[in-house]
Amino acid sequence: IEYYAVFGQPISHSKSPRIHKLFADQTSQLMDYSAQEVPADTFTVATNHFFAEGGKGLNCTVPLKELAWQYAHQLTERARLAKAVNTLVCQADGSILGDNTDGTGLLNDLIVNHCIALKGVRILILGAGGATRGIVPPLLEQKPSALVIVNRNVGKAQAIATDFAALGPVQTCDYASLIDQQFDLIINATSASLSGDLPPLPPALLSAGGSCYDLAYANQVTAFVKWGLANNATHSLDGLGMLVEQAAEAFYLWRGIRPNTAPVIELLNDERK
Ligand code: ATR
């Protein structure tokens, strides 16, 4: 049996062990996947120990993604760009590869699962933290007609726009400037939603037929998903689908087999109804 784990803090509510167990059963893989509470200051020791004991792969979540990025011996291109790693892979020669499957996870949920077009559409991202940094490169790849980052602290948004300028145009603004603007897709990448808060959004911000996506997920409907529903969004989704999709991409890196995500998403969705 081969060992995998997710490290983070807090970790007790993580759905990742459940998701990977469902994937392993579905694809007949003999593997064990556990969750371990690891604070930032013991990340290196815990990770060294995990791989020394024969661990094959690790997921890293809040607050460890930047540390995992520094830890990896090699990085995939998408992890290098994101400056964050959510998946570590022990390779045949014992070296550790760092990847970031979050962006692909988001794209798969938007495009494949929900048929939400990104090419030629106007996209707005709320917030300018690590989550935004991870999704800007994959979104730019889809050639939207505009990609705007809005943040309270506009300087943080500008820093991300500058970092990715070579990949495509990214505009930035503050919340007051959203008045008179419209977007086809609004993605919430702030940490506000989970505490029930919502950034100040003007009423006509979402185009007719537009959709909303909250990177966060919870057992209850998030404040931003509620906002989308109240503003007639075609789709107003939380990040559960992205969570399962990023896990599937990690599973593929580790095991070389792509699990079928649809039944897993359906099961987890049913459980919170
Ligand atoms: P992560 O790595 O998950 O993206 P983060 O780096 O702490 O988390 O970033 C959180 C983002 O949410 C920040 O951009 C923050 O805005 P500021 O940079 O202006 O602080 C944003 N955020 C958090 N709470 C918010 C709120 N109530 N309204 C608007 N933005 C909020």
How large is Rg over Rh for the chain, taking Rg from the Cα atoms and Rh as the Kirkwood inverse mean of 1/r across Cα pairs?
0.96
Could you work out the mean projected area of the convex hull around the alpha carbons of the range 24-66, in square nanometres to one decimal?
3.7 nm²
I need to check one value: relative contact order of the range 117-234, counting alpha carbon pairs closer than 8 Å and at least 6 residues apart, in percent.
25 percent
Taking the alpha-carbon distance from Lys65 and a cut-off under 27 Å, which lysines remain once sequence neighbours fewer than 8 residues away in the same chain are dropped?
Lys15, Lys21, Lys56, Lys83, Lys143, Lys156
Would any residue of the range 9-44 have its amide N under 19 Å from a label point 7 Å out along Cα→Cβ of His73? List them or say none.
44
Once Leu267 and Ser207 are pulled to full extension, the length gained, defined as 0.36 nm per residue separation minus their Cα-Cα distance, is 18.5 nm
Amide H to amide H under 5 Å from Leu75: which residues, 5+ apart in sequence or cross-chain, H placed 1.01 Å off N in plane?
Gly98
Once Ala52 and Ala159 are pulled to full extension, the length gained, defined as 0.36 nm per residue separation minus their Cα-Cα distance, is 34.8 nm
Using helices alone, I'd like the mean residue ellipticity at 222 nm for the chain: each DSSP H run of four-plus residues gives -39500 (n - 2.57), total over residue count, nearest 500.
-10500 deg cm²/dmol
If I model a spin label at Val45 and Asp32 as a point 7 Å from the Cα along the Cα→Cβ vector, what separation in nanometres do I get?
2.3 nm
If I require 20 Å or longer along the helix axis, counting alpha carbons, and a Kyte-Doolittle average no lower than 0.0, what helices from the chain are left? Use full DSSP H segments.
240-255
With 0.36 nm assigned to each residue of separation and the Cα-Cα distance removed, Ala176 to Val62 gains 38.1 nm
Which whole-Hz couplings ³J(HN,Hα) result when phi for each residue of the range 78-93 is put into the Karplus expression 6.51 cos²θ - 1.76 cosθ + 1.60, θ = phi - 60°, listed in order with x for Gly and Pro?
5, 6, 4, 5, 6, 6, 7, 10, 10, 9, 10, 10, 7, 8, 4, 8
Would you please state the base-10 log of I(q)/I(0) at q = 0.14, 0.15, 0.17 1/Å for the range 15-92, with intensities from the Debye formula using one equal scatterer on every alpha carbon?
-0.49, -0.57, -0.72
Rg to Rh ratio, the range 117-234, alpha-carbon atoms and Kirkwood radius?
0.93
Could you check how many percent of all C-alpha pairs in the range 33-133 are farther apart than 19 Å?
49 percent
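Each reported figure results from applying straightforward, stated rules to the coordinates on display, with no laboratory input. Just so it is clear, the model here is predicted, and its values are computed rather than measured. Cβ: placed from backbone, ideal geometry, glycine included. Neighbour counts: every protein chain shown.
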